[in-house]
Amino acid sequence: MKLILTREVTGLGAAGDVVTVKDGFARNFLLPRGNAIAWSLGGEKQIQSIRRARSTREIRDIDHAKEVKATLEAATITTKVKVGAKGVLFGSVTDKDVAVAIKSAVGLDVDRHSITTKGHIKKIGSHTVKIALGHGVLASATVEVVAE
């Protein structure tokens, strides 16, 4: 089956690549998770938009990755959440919430799949998250969780 990848899949390709995979892998893994869409002639236009979005987000080289790492580690990343009477969050802070907070604090588009938290963030306070920037560079950023 011929597919267009919408995000990077380890061992298969990057976003915007056209790949041919077995039907079961496409039907059971790639398509339900939103990692790919079916290839068609109209899908070729989507490939260009996916590649443009990827190039704006992409870390160019190791020096650029180190600059982004220094920016992330120096920045104060704050996210506001709803909390109960005892200071416990309603739900938890997800990697998507952290990516939005990074975008508003620093102005960088960080893929939420590259953000790793140590367990679930369910309390107010300071928490450390790891962000894989590519080229072997791993940034540690501090996220401040505050009540609304």
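The values are calculated or read from the model by the stated rules, or taken from the named source; none is laboratory data. Source: prediction; values computed, not measured. Cβ: placed from backbone, ideal geometry, glycine included. Neighbour counts: every protein chain shown.
When restricted to residues that are without any contact (Cβ under 8 Å) to a residue 24 or more places away in the chain and closer than 24 Å to V137 by Cβ, the stretch 9-57 contains 7. Can you confirm whether the stretch 68-82 contains a residue that is touching a helix residue (DSSP H, G or I) at 6+ places or on another chain (Cβ under 6 Å) and in a loop (DSSP other than H, G, I, E, B)? Yes, because at least one residue in the stretch 68-82 is touching a helix residue (DSSP H, G or I) at 6+ places or on another chain (Cβ under 6 Å) and in a loop (DSSP other than H, G, I, E, B).
Among residues of the stretch 105-119 being touching a helix residue (DSSP H, G or I) at 6+ places or on another chain (Cβ under 8 Å) and of a type outside the set (S, T, N, Q), the one that is surrounded by the most Cβ atoms within 10 Å (Cβ to Cβ) is V110. In the stretch 120-141, of all residues being over 20 Å from K82 (Cβ atoms) and loosely packed, with under 15 Cβ neighbours inside 10 Å, the one that is nearest to the chain's Cα centre (by Cα) corresponds to K130.
Count of the stretch 1-46 residues, restricted to those that are at pLDDT below 80 and either assigned to a helix (DSSP H, G or I) or in contact with a His (Cβ under 9 Å, 6 or more places away or on another chain) (or both), is 4. Is there a residue being small (G, A, S), within 30 Å of G125 (Cα to Cα) and within 16 Å of the chain's Cα centre (by Cα) anywhere in the stretch 58-65? Looking for residues that are small (G, A, S), within 30 Å of G125 (Cα to Cα) and within 16 Å of the chain's Cα centre (by Cα), one finds at least one in the stretch 58-65, hence yes. When I77, I50, I37, I102 are checked against the criterion of being aliphatic (A, V, I, L, M), within 16 Å of the chain's Cα centre (by Cα), assigned by TED's automatic domain parsing to the domain that holds E8 and surrounded by 14 or more Cβ atoms within 10 Å (Cβ to Cβ), I50 stands alone in meeting it. Going through (1) outside any strand (DSSP E or B); (2) hydrophobic (A, V, I, L, M, F, W, C); (3) farther than 21 Å from R7 by Cα; (4) within 14 Å of the chain's Cα centre (by Cα) one by one, L108 falls short only on (3).
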